[in-house]
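For reference, the structure discussed in these notes is given below.
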Amino acid sequence: MTHNHLVRLKSRPRGLATRDNVTLAREPIPSLRDGEIAIETRFISLDPAMRGWMSEGKSYVPPVGLGDVMRAYAAGHVVASRHAGFAAGDAVVGLFGVQSHPVVDGKLALKVDTHQAPLERWLGGLGMPGWTAYFGLLEVGQPKAGETLVVSAASGAVGSVVGQIGKIKGLRVVGIVGGAEKCRYLTQELGFDAAIDYKAGNLADDLQAACPAGIDVDFENVGGLILDTVLAQMNLFGRVAVCGLISSYNATEPEAGPKNVRAVLVNRLRMQGLIVFDWAKRYPEAMRALGAWHAEGKLKLREDVRDGGIEAYPEVLNLLYSGGNFGKLVLRV
């Protein structure tokens, strides 16, 4: 292969990203310099944060620049190396972008063991979403055995791992998802104590029935009405770990803030945002713990792998914002 197929950001979306916002390009693969590796991408991770990276404005990382390669985690195999730590054939993951044959600094790549788990799983529960779940719940949520944990978007890449870690740590775990099939998945396959279908229209009553002792920890991935409903049922000194606000990512007008913010005062809640980069030096710790639980059968992981290659971006990405995916959404290259 002598060319790299890639996606560059052409314009900033208003609402959902469309094909008009990106440029599909075919460019020569550059020669390797010292310290670099060439990768053949097999899978690209599609994550809710990708929509935010397309927008201007202050965030935890700068927005993707117009004309730049679209930012994305990806997994593949090294095909050539001028870095002492990598050899041809090594399986690697990293922030390589939406491209088929990236050339990157070896410092940006992490070797993974495909004998332990398939390559795509290192973009899901054993990779960045898993690390987010691990540190977000344990460091920010600070759960204690016997407490009640609520997880929104609970069948997704992060939420499904959060709930299972909660069970491992002895919590009562309640997931919020859209649809009866996802509810069954949470309770019958992942071991959640209860699951709530927010699309059924009885969120507040169903949440109260599933959490008779109130809520001690909320792992928030959605925001909006779901966050407001959960805040109203939080216990004294509860913790809210804000991982994502997916309900607003494609909003064309600013959304109103939480209506139940008074609950933060009355119940002396602690609400803290989290970005996985904050624990970058501790990624190996999360990988060891998640890998061990997975090997022991305590952590079940599911990927939603879609075909279509680079050309399917961003249409496949948009499945995330309608709940059209079931498990970690991955694009096969």
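The values are calculated or read from the model by the stated rules, or taken from the named source; none is laboratory data. Please read all numbers here as calculations on a predicted model, not as lab measurements. Neighbour counts are summed over all protein chains in view; Cβ atoms, including those assigned to glycine, are modelled from backbone coordinates with ideal geometry. The protein model used for the area step is the full one, side chains on, heavy atoms only, and it has no ligands, DNA or RNA in it. Shrake-Rupley method; radii C 1.70, N 1.55, O 1.52, S 1.80 Å.
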Notebook entry, point to check: Pairs under 6 Å by beta carbon, first residue within 29 Å of residue 322 (Cβ to Cβ) and at pLDDT below 95 in region 251-268, partner in a loop (DSSP other than H, G, I, E, B) and open to solvent by 90 Å² or more (accessible area, probe 1.4 Å), six or more apart or different chains?
Noted result: 252/14
Notebook entry, point to check: Is it the case that some residue within region 217-236 is touching a residue at least 40 places away in the same chain (Cβ under 8 Å) and surrounded by fewer than 14 Cβ atoms within 10 Å (Cβ to Cβ)?
Noted result: no
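Quickly run through region 89-113 and pick out the residues that are among the acidic types (Asp, Glu) and open to solvent by 60 Å² or more (accessible area, probe 1.4 Å).
In the first step, residues of region 89-113 are kept if they are among the acidic types (Asp, Glu); the result is 90, 105, 113.
Matches in region 89-113: 105, 113.
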Next item on the list: State all residues of region 4-57 that are farther than 26 Å from residue 325 by Cβ and in contact (Cβ under 8 Å) with a residue 60 or more places away in the chain; if no residue qualifies, say none.
Entry: 4, 29, 30, 32, 35, 36, 37, 38
Check: Which one of 33, 12 is under 16 Å from residue 314 (Cα atoms) and either part of a loop (DSSP other than H, G, I, E, B) or within 22 Å of the chain's Cα centre (by Cα) (or both)?
Finding: 12
Next item on the list: Please determine, by comparing only the residues of region 5-42 that are touching an Asp or Glu at 6+ places or on another chain (Cβ under 7 Å) and open to solvent by less than 10 Å² (accessible area, probe 1.4 Å), which one is nearest to residue 275 (Cα to Cα).
Entry: 9
Note to self: Condition first: aliphatic (A, V, I, L, M) and in contact with a Cys (Cβ under 9 Å, 6 or more places away or on another chain). Can you find one or more residues in region 119-135 that meet it?
What the structure shows: yes
